[in-house]
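Undergrad: Sharing a structure here in structure tokens format.
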Amino acid sequence: MTERIALITGTTGQDGAYLAGFLLDKGYVVHGIKRRSSSFNTARVDHLYQDPHGTGVKFFLHYGDMTDSTNLIRIIQEVQPTEIYNLAAQSHVRVSFETPEYTANADALGTLRLLEAIRILRLENKVRFYQASTSELYGLVQEVPQRETTPFYPRSPYAAAKLYAYWITINYREAYGIHASNGILFNHEGPTRGETFVTRKITRGVAAIELGLQNKLFLGNLSAKRDWGHARDYVEGMWLIVQQPKPDDYVLATGEEHSVREFAEKAFACIEWRGSGLAEQGVDKRDGRVLIEVDPRYFRPTETDALLGDPSKARQRLGWRHKVTFDELVREMVESDLAEMRRDGGLRNVHD
């Protein structure tokens, strides 16, 4: 059997770390790309680290950046992967409005650089390519629920960059015969989600308030609705997409929709709401303390109000479905953040 070698961009992120562990368990040799930083940025994959001086090493990290084409070509040439998972991105929607050029460079052109590397190195018939697409492509939704055939209407620089990446992946599939597929993943979270994403911001807020490290939590659009699942389930879907005989594009979602308000209710477990609009507050129904307030700084210039995915194609063709329920997801994230803050004494910042 030919050795299975995976290259993961963004391996130090939430999805990349889960995927690396998943593939190692399946016997892959896994190479990950990490960006150079003056501070440690490998916490999510430290448990996978193996001393390269040892024998039987299966996990390797390489310095690289999605904005550096020569670097990406060199890594792919050296690694000779059989599967490439492009998970690297500037993936924070609100931040993309502040860094639109960098977001386009990394998320849109970064995907092109990888596909061009495959073509330049003549690996079209050897490597399979996975592109991490996003439900943010649907933006101002044209159909409910959203499926593979739903028209796109991106509402942020992040979504617009990802739209280019989606179509350039299809173009290289059709033009050069590359086994290249898009996974249109709806929101997927977990205990290692970035701390500035709203779900993790909420669960860290719960922990910080519980431990007396902060008094209240400030949020943006409480009415925004999302299809939230667990990232651990979704990396299995990525792998299943790549294993298919023919490349294609798939929606991965739970088929359930919940609001930011509901996520906060589940996380705090003691909230009742008072007021409306900018004056809405989440109040502790036990003692009347204000725990949540709305801050318009966290509103997006153009909002995506609701996203709800239809995973029927993935269920029928891949046999994939989510396993972790919404309640289980929220509970796991809250418990993890409480344990983490108790362990480090609240020394880590809780900034948004």
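Undergrad: Kindly sort LYS323, LYS225 by accessible area of their heavy atoms, largest first, with the probe set to 1.4 Å.
TA: Heavy-atom accessible area, descending, gives LYS323, LYS225.
Undergrad: So, one more: Please arrange ILE73, ILE241 by accessible surface area, largest first, computed with a 1.4 Å probe and ligands excluded.
TA: If we order ILE73, ILE241 from most to least accessible, we get ILE73, ILE241.
Undergrad: Hey, another quick one. What are the residues whose amide H is under 5 Å from the amide H of VAL251, where those residues sit 5 or more places off or on another chain and H is modelled from the backbone?
TA: Distant-sequence amide H within range of VAL251: GLU148, ILE184, ALA314.
Undergrad: Same structure again: In whole Hz, with x marking every Gly and Pro, tabulate ³J(HN,Hα) for segment 227-239 from phi via Karplus 6.51 cos²θ - 1.76 cosθ + 1.60, θ = phi - 60°.
TA: 9, 9, x, 9, 4, 4, 6, 6, 5, 5, x, 4, 5
Undergrad: I would also like to ask the following. For segment 210-352, list log₁₀ I(q)/I(0) at each q in 0.10, 0.13, 0.16 Å⁻¹, using the Debye formula over Cα point scatterers of equal strength and ignoring solvent, two decimals each.
TA: -0.47, -0.74, -1.00
Undergrad: Using only protein heavy atoms and a 1.4 Å probe, report how much of ASP305 is accessible, in Å² to the nearest 10.
TA: 90 Å²
Undergrad: At a probe radius of 1.4 Å, what is the per-residue accessible area of ILE120, in Å² to the nearest 10?
TA: ILE120 exposes around 90 Å² with every protein chain in place.
Undergrad: Run the dipole for the chain about the Cα centre, Lys and Arg Cβ at +1, Asp and Glu Cβ at -1, nothing else charged, and hand back the magnitude in debye, nearest 20.
TA: That gives a dipole near 500 debye.
Undergrad: Output the relative contact order of the chain, whole-number percent, from Cα pairs under 8 angstrom with separation of 6+ residues.
TA: 16 percent
Undergrad: Could you give me the ³J(HN,Hα) list for segment 17-34, computed from phi with Karplus coefficients 6.51, -1.76, 1.60 and θ = phi - 60°, whole Hz, x at Gly and Pro?
TA: Values, residue by residue: 5, 4, 5, 4, x, 4, 6, 4, 5, 8, x, 6, 8, 10, 10, x, 9, 10 Hz.
Undergrad: Show me the GluC sites (Glu not before Pro) within segment 75-112 that DSSP assigns to loop and that have at most 16 other Cβ atoms within 10 Å of their Cβ.
TA: Hits after loop and neighbour filter: GLU98.
Undergrad: Further question on the same structure: Using only helices, what value at 222 nm comes out for the chain when you add -39,500 (n - 2.57) per DSSP H run of length 4 or more and divide by the total residues, to the nearest 500 deg cm²/dmol?
TA: -10500 deg cm²/dmol
Undergrad: Please give the FRET efficiency for ARG122 paired with PHE218, using the beta carbon to beta carbon distance and R0 = 56 Å, rounded to the nearest 0.05.
TA: Efficiency computed from Cβ-Cβ geometry: 0.60.
Undergrad: Assuming R0 = 45 Å, what is the FRET efficiency of THR2 and TYR153, from their Cβ-Cβ distance, to the nearest 0.05?
TA: FRET efficiency, THR2 to TYR153: 0.60.
Undergrad: Let me ask something additional. Using only the heavy atoms of the protein chains and a 1.4 Å probe, how would THR192, THR55 rank by accessible area, largest first?
TA: I get THR55, THR192, largest accessible area first.
Undergrad: Find how many whole Å separate the alpha carbon centroid of segment 275-352 from the alpha carbon centroid of segment 79-140.
TA: 26 Å
Undergrad: Hey, which lysines would be in cross-link range of LYS126, C-alpha to C-alpha under 28 Å, not counting anything within fewer than 8 residues on its own chain?
TA: List returned: LYS26, LYS34, LYS58, LYS162, LYS246, LYS313.
Undergrad: Label points 7 Å out from Cα along the Cβ direction at SER259 and GLU101: separation in nm?
TA: 4.0 nm
Undergrad: With the cut-off at 1.5 for a/c, could you classify segment 61-156 from its C-alpha gyration tensor as rounded, prolate or oblate?
TA: It comes out oblate by the Cα gyration axes.
Undergrad: For mean projected area of the Cα convex hull in nm², the listed values are (1) 16.5; (2) 29.9; (3) 18.1; which was obtained by calculation from the structure presented?
TA: Correct label, based on the coordinates given: (3).
Undergrad: Let me ask you something else. Of all alpha-carbon pairs in segment 1-97, indicate the percentage at a distance above 22 angstrom.
TA: For segment 1-97, the share of Cα pairs beyond 22 Å comes to 27 percent.
Undergrad: Still on this structure: Hey, rough spin-label estimate for CYS270 and ALA175, points 7 angstrom out along Cα→Cβ, what's it come to in nanometres?
TA: Calculated label separation equals 5.8 nm.
The values are calculated or read from the model by the stated rules, or taken from the named source; none is laboratory data. Quick caveat: nothing in here was measured; it's all calculated off a predicted structure. Cβ sites come from the backbone with ideal geometry, for glycine too, and all protein chains shown count toward neighbours. The protein model used for the area step is the full one, side chains on, heavy atoms only, and it has no ligands, DNA or RNA in it. Shrake-Rupley method; radii C 1.70, N 1.55, O 1.52, S 1.80 Å.
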